[in-house]
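The values are calculated or read from the model by the stated rules, or taken from the named source; none is laboratory data. What you see is a predicted model; the values in this text were computed from it and never measured. For neighbour counting, all protein chains shown are included, and Cβ atoms are generated from backbone atoms with ideal geometry for every residue, glycine included. Heavy atoms of the whole protein, side chains included, go into the accessibility calculation; ligands, DNA and RNA do not. Shrake-Rupley method; radii C 1.70, N 1.55, O 1.52, S 1.80 Å.
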Amino acid sequence: MSTSSPGHDAVVVGAGHNGLVAANLLADAGWSVLVVEQQDQVGGAVRSDTEVHPGFVHDTFSAFYPFAAASPVISGLDLEQHGLRWRHPPAPVGHPFPDGGWALVHPDRHDTAAGLDAEHPGDGEAWLDLCRTWDRVGGPLLSAMLDPFPPVRGGARLLSRLPRAGGLHLVRELLTPAATFGASRFGGRGARTLIAGSAGHADIPLDSTGSGAFGLIMTMLAQSVGFPVPEGGAGRLTEAMARRLESRGGRVVLGTEVESVEVRGGRAVAVRTREGERYAARRAVVADVSAPLLYGRLLDPDDLPSRVARGMDSFELDPATVKVDWALSGPIPWASGPAVAPGSFHVGDSLSQLQGSLAEVAAGGVPQRPFLLAGQMTTSDPTRSPAGTESLWAYTHVPQSVGARWSRDDVERFGDRVEERIEELAPGFGSRVLARRVLGPRDLQERNASLVGGAVNGGTSQLHQMLVLRPVPGLGRPETGIGGLYLGSSSAHPSGGVHGAPGANAARAALLHHRLHSPVRAGAGLLARLDRSSAPDG
Ligand SMILES: Cc1cc2nc3c(=O)[nH]c(=O)nc-3n(C[C@H](O)[C@H](O)[C@H](O)COP(=O)(O)OP(=O)(O)OC[C@H]3O[C@@H](n4cnc5c(N)ncnc54)[C@H](O)[C@@H]3O)c2cc1C
């Protein structure tokens, strides 16, 4: 039986961090907001759980939040007032080499420089030079990236700072692929590998444009704001967002799957749930779900503008993911430990091996020696597991076509391969494993329907699907072509990562549209203008 609720100004589909950011901004503007979430917990890909082993907290998906630390949207929410506490690992990121050497980003740039210089004289000064360039352009570069498209204000600030940061030479560098960008500034393997490994957080091949800029942004974020984690687990970040929303009158309903967005006369007017509930939206529906879900499942094909339907025919997901979580009885027994323990680390034998492994996935193969992103969570936040133990994860990618047909056994065998990579660097690692969980592409999607095929980014981050081409050509903004319906997830510009930009952009677009089109407001504005013009001195 279908029931109907009295309605809200806005209904947000999905309580991922972007949905919660949108909901908070709308509630701040005085709107009544309802968030409808399929899972029994808020957070989407920013969640934690305790199912791996008693006493251990694992982040189910994402874990480190440099983008959140640098995001004006997220810091503007003042989440510390709602229970959030950030913790920093001793060092943000490191890269162990098979010969026992390490490349490390230390919290202090001079320490990072000293480490790089010890390995290759001159690289220390080159690192400090890169940091100085970042000091000049990092802020405007980030805001040009996170602002709604086109990024007028951030873009203008960036242009005004460019001349003192290298001008067109820097522009050229930003367009240079990660593999060559590192080599253009550094002689040793340390910084080159750190930049390439950081670029490997996105799915842009290291010999393609975009990877250099991404590698630079990630390494410089590591150096400038660090790789913070929420005390107690990733979920504490989104729980704080939900608490803030509720303190402003917003509401979240959990365990409720939205089945469709109702469109009448070209306008989104309500959402309907699998349980038969209809939630009316007077002003806006914000979809914090991936583009294939919104355009392929929640909307009637007849309601879809033909430009969007055509664009979605060539929409490209990013690769599938396999993530392994371990509860360890002690720290990782490195054959040769780092000078300072990094929260996150990359596993790749060398720059060329790392590059080859990513290229193999892009070409549809499964690497024998996968490149890993990994995180030591108890090292980063001692509350994650009992003293002396470690809560660890690592993940890597496989092609969508392969991940889709893998059985449970295939996923576990690939988990073995991931584990062997760490065992090589830390003999005896396996003997410290108290419990292990391997999440394959299907497991990830079961826990969050937006992670279609285990894609972590809401669609590829390669240049052909970014900016004005995201998620489909012509839709670089949150508007969907359907009145009152906004896409506010990582499938929208500027894509994945926990910075809240797609959610904020969607909320601002909805608020602006309402302001411009509200008859009362427009009438009031007109009256005020008439009033001023009829005043004696007007
Ligand atoms: C394994 C993994 C590791 C990552 N690591 C990092 C990292 O360390 N740092 C970082 O910055 N980023 C990381 N990312 C990327 C980042 O987590 C995501 O880009 C970001 O969280 C996406 O947020 P979102 O709000 O757009 O979507 P999501 O967080 O995916 O939220 C979507 C929500 O919609 C809900 N939903 C879906 N369908 C429906 C429906 N029909 N009805 C109701 N609700 C629905 C889902 O349950 C979910 O809660 C990682 C991602 C993954 C998967």
Open item on the list: All but one of (1) over 30 Å from Ala435 (Cα atoms); (2) near the ligand (Cβ under 10 Å from one of its atoms); (3) under 18 Å from the mean Cα position of the chain (by Cα) hold for Val36; state the number of the condition that does not hold.
Closed with: (3)
Task: Cross-chain or 6+ apart pairs with Cβ under 9 Å, the stretch 51-72 first and at positive phi and more than 10 Å from the ligand (Cβ to nearest atom), then open to solvent by less than 20 Å² (accessible area, probe 1.4 Å) and polar (S, T, N, Q) - done: Gly55/Ser385
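Conditions (1) in contact with a Phe, Trp or Tyr (Cβ under 9 Å, 6 or more places away or on another chain); (2) within 23 Å of Ala359 (Cα to Cα); (3) open to solvent by 20 Å² or more (accessible area, probe 1.4 Å), marked per residue:
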position	(1), (2), (3)
Ala387	no, no, yes
Thr396	yes, yes, no
Val411	no, yes, no
Ile422	yes, yes, no
Ala426	yes, no, no
Phe429	yes, no, no
Open item on the list: Give all pairs with beta carbons closer than 7 Å in which a residue from the stretch 286-309 that is under 16 Å from Ala455 (Cα atoms) meets a residue that is basic (Lys, Arg) and open to solvent by less than 30 Å² (accessible area, probe 1.4 Å); count only pairs at least 6 apart in sequence or on separate chains.
Closed with: none
Open item on the list: Let me confirm something: among Gly115, Gly94, Gly124, Gly100, which residue is outside any helix (DSSP H, G or I) and over 26 Å from the mean Cα position of the chain (by Cα)?
Closed with: Gly100
Task: Number of the condition not met by Ala524 [criteria: (1) assigned to a loop (DSSP other than H, G, I, E, B); (2) at pLDDT 55 or above] - done: (1)
Task: Checking Ala69 against (1) closer than 30 Å to Gly200 by Cβ; (2) part of a loop (DSSP other than H, G, I, E, B), the condition it does not meet - done: (2)
Task: Any chance Arg236 is open to solvent by 20 Å² or more (accessible area, probe 1.4 Å), within 30 Å of Ala509 (Cα to Cα) and within 16 Å of the ligand (Cβ to nearest atom) - done: yes
Task: the stretch 475-500, subset assigned to a loop (DSSP other than H, G, I, E, B) and among the hydrophobic types (A, V, I, L, M, F, W, C), residue farthest from the chain's Cα centre (by Cα) - done: Ile482
TODO: Give the stretch 476-485 a look and list any residue that's open to solvent by less than 40 Å² (accessible area, probe 1.4 Å) and either out of contact with any Asp or Glu (no Cβ under 7 Å at 6 or more places or on another chain) or within 15 Å of the ligand (Cβ to nearest atom) (or both), or say none.
DONE: Gly476, Pro478, Thr480, Gly483, Gly484, Leu485
Task: Phe67 vs. criteria over 16 Å from Ala507 (Cβ atoms), among the aromatic types (Phe, Trp, Tyr) and surrounded by fewer than 24 Cβ atoms within 10 Å (Cβ to Cβ) - done: yes
TODO: Can you tell me which residue within the stretch 431-463, out of those that are open to solvent by less than 40 Å² (accessible area, probe 1.4 Å), assigned to a helix (DSSP H, G or I) and of a type outside the set (Gly, Ala, Ser), is farthest from Ser385 (Cα to Cα)?
DONE: Val452
TODO: Consider Pro331 carefully, then state whether it is in contact with an Asp or Glu (Cβ under 7 Å, 6 or more places away or on another chain), more than 10 Å from the ligand (Cβ to nearest atom), open to solvent by 50 Å² or more (accessible area, probe 1.4 Å) and not hydrophobic (A, V, I, L, M, F, W, C).
DONE: yes
Open item on the list: Yes or no: the stretch 305-316 includes at least one residue that is buried (at least 18 other Cβ atoms within 10 Å of the Cβ) and hydroxyl-bearing (Ser, Thr, Tyr).
Closed with: no
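For (1) under 23 Å from Glu257 (Cβ atoms); (2) in contact with a Ser or Thr (Cβ under 9 Å, 6 or more places away or on another chain); (3) surrounded by fewer than 21 Cβ atoms within 10 Å (Cβ to Cβ); (4) modelled with pLDDT of 95 or more, each residue gets a yes or a no:
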| position | (1), (2), (3), (4) |
| --- | --- |
| Ser2 | yes, no, yes, no |
| Asn18 | yes, yes, no, yes |
| Trp31 | no, no, no, yes |
| Val35 | yes, no, no, yes |
| Ser48 | yes, yes, no, yes |
| Thr60 | yes, yes, no, yes |
- [ ] Please state which of the following conditions Val11 fails to meet, knowing it meets all the rest: (1) hydrophobic (A, V, I, L, M, F, W, C); (2) assigned to a helix (DSSP H, G or I); (3) buried (at least 24 other Cβ atoms within 10 Å of the Cβ).
- [x] (2)
Task: Unmet requirement for Ala287, which otherwise passes all of (1) surrounded by fewer than 20 Cβ atoms within 10 Å (Cβ to Cβ); (2) within 12 Å of the ligand (Cβ to nearest atom) - done: (1)
- [ ] Give the residues of the stretch 379-394 that are closer than 18 Å to His95 by Cα and in contact with a helix residue (DSSP H, G or I) (Cβ under 8 Å, 6 or more places away or on another chain), sorted by residue number.
- [x] Leu392, Trp393, Ala394
Task: Condition check for Gly458: within 16 Å of the chain's Cα centre (by Cα) and within 14 Å of the ligand (Cβ to nearest atom) - done: yes
Task: Subset of the stretch 350-362 [surrounded by fewer than 18 Cβ atoms within 10 Å (Cβ to Cβ) and either free of Cβ contacts under 8 Å to residues at least 12 places away in the same chain or more than 24 Å from the chain's Cα centre (by Cα) (or both)] - done: Ser350, Ser352, Gln353, Gly356
TODO: Please go through the stretch 464-475 and pick out each residue that is away from the ligand (no atom under 16 Å from the Cβ) and buried (at least 19 other Cβ atoms within 10 Å of the Cβ).
DONE: Val472
